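Worksheet: one structure, shown below.
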Amino acid sequence: MEVSGDKDSKTEEPTPQKLRDARKKAQVARSEEFGPTLMFVFAVLYFWFGWDSMFANIKEVMTSIPAFIYTTDFPLALDNLIDKVVSKVIYAIILPFALLMLVAGILGNVLQTGILFSVDPVIPKGEKISPIKGFGRIFSVKSVIKTLFSIIKIIGMSIIITYVVRLGIRDYMHDLSQCDVSCQMLVFQSLLKKLIMILLPVLIVVAAMDFMFQKAQFTKDQRMTKDEVKREYKNQEGDPEIKGARKEEQRKMLEQDLNKKVKESRVIIVGMNLAVALKYKEDLPLPILLAIGKNRMSFKMIEIANKERVKIIADPELATKLANEGDIDQYIPSSTIEGAARAIQQSNE
């Protein structure tokens with residue numbers, strides 16, 4: 001009951017800091033379907049556009065076998081055949097394909113998570129070897145859904161493959177008895193193309209759906225309680241030098257989207273040559289500091305606020321405290337909660 005209650009209380013979306021901490025531990029939204037599907041797409045394109053060249057290489061190797069055997073002694077023929085296989089099959093077909101699959105595998109991860117490196121997953125932890133927690137992971141709702149998803153995918157693909165093959169064989173059945181090797185190769189190619197044209201879109205849709213599900217599930221798993229959100233932002237009030245550098249960078253960025261920030265604001269707190277924009281909605285645990293304007297920028301903010309009919313409250317002490325202690329796009333500092341609540345209440349009047 002306690003665990004369930006804790007989960008129910010986690011109603012807040014994860015903060016950027018929470019997501020950064022999770023990323024350091026390699027905890028990110030990742031679909032296990034996306035990578036293999038991308039590799040399959042690359043493989044299809046590789047063989048689709050290179051089939052004629054590959055077939056010519058393989059045919060050249062096969063037709064050269066009798067020539068090697070009957071024109072030279074066996075050891076020399078074997079050496080010549082190996083050289084031919086290495087140059088025409090391994091170097092020309094297999095090696096490029098292996099490199100392409102390696103690139104596709106890496107790209108499949110990078111497209112989902114960006115460049116990510118973490119040793120945390122390989123660090124031995126007691127919870128990883130705990131039998132009880134191990135059984136919990138195996139029989140969790142997430143694992144059950146994943147297993148059912150895999151079963152449904154396998155059944156669906158089996159039905160598609162069976163249907164396409166049976167339909168294709170039936171179309172060629174009346175000519176199959178008179179079909180030589182070249183003819184059978186054409187039949188096989190035709191069936192394979194039909195199969196790929198049906199399977200490929202299905203796999204892409206499945207991978208996209210799985211990625212969206214994994215992203216939503218990850219966000220849900222990372223949710224926080226309101227107390228955790230308040231505690232995290234209180235801890236971030238820390239180092240003055242870091243805050244100073246961050247504020248300077250934030251102010252530069254702010255000039256680019258000042259209009260948007262003021263429009264989104266619930267109230268503008270003004271002081272002497274100072275203006276602070278606060279955003280607040282009923283579903284937020286605390287107001288968010290959207291913008292800080294000093295001197296000329298403060299007058300610009302007031303001008304936009306008047307134009308957009310955003311409430312302006314004069315409170316020099318609160319404005320100064322918010323500007324000195326707060327961070328843009330973060331919840332307001334704990335020391336300003338009471339004053340901000342009064343200002344928001346006044347804006348409703």
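The values are calculated or read from the model by the stated rules, or taken from the named source; none is laboratory data. No experiment lies behind these values; they were computed from the predicted model shown. Quick reminder, even Gly has a Cβ in these numbers, built from the backbone with ideal geometry, and neighbours come from all protein chains shown.
When the test is whether a residue is part of a helix (DSSP H, G or I), at pLDDT below 80 and of a type in the set (Val, Ile, Thr), VAL85 does not pass it.
Do you know which residues across the range 279-311 are in a strand (DSSP E or B) and touching a Ser or Thr at 6+ places or on another chain (Cβ under 6 Å)?
Listed by number, the residues that qualify are LYS279, LEU290, LYS311.
Can you find even one residue in the range 131-142 that is assigned to a helix (DSSP H, G or I) and at pLDDT 80 or above?
Going residue by residue through the range 131-142, those that are assigned to a helix (DSSP H, G or I) are 131-138, 141-142.
With at pLDDT 80 or above added as a condition, the list becomes none.
No: zero hits.
Here LYS263 meets the list (1) surrounded by fewer than 19 Cβ atoms within 10 Å (Cβ to Cβ); (2) within 24 Å of ARG231 (Cβ to Cβ); (3) in contact with an Asp or Glu (Cβ under 8 Å, 6 or more places away or on another chain) almost entirely, failing just condition (2).
Return the residue satisfying two criteria in turn: it lies in the range 312-342 and is among the charged types (D, E, K, R) and buried (at least 16 other Cβ atoms within 10 Å of the Cβ), and of such residues it is nearest to the chain's Cα centre (by Cα). If we take residues in the range 312-342 being among the charged types (D, E, K, R) and buried (at least 16 other Cβ atoms within 10 Å of the Cβ), then ASP327 is nearest to the chain's Cα centre (by Cα).
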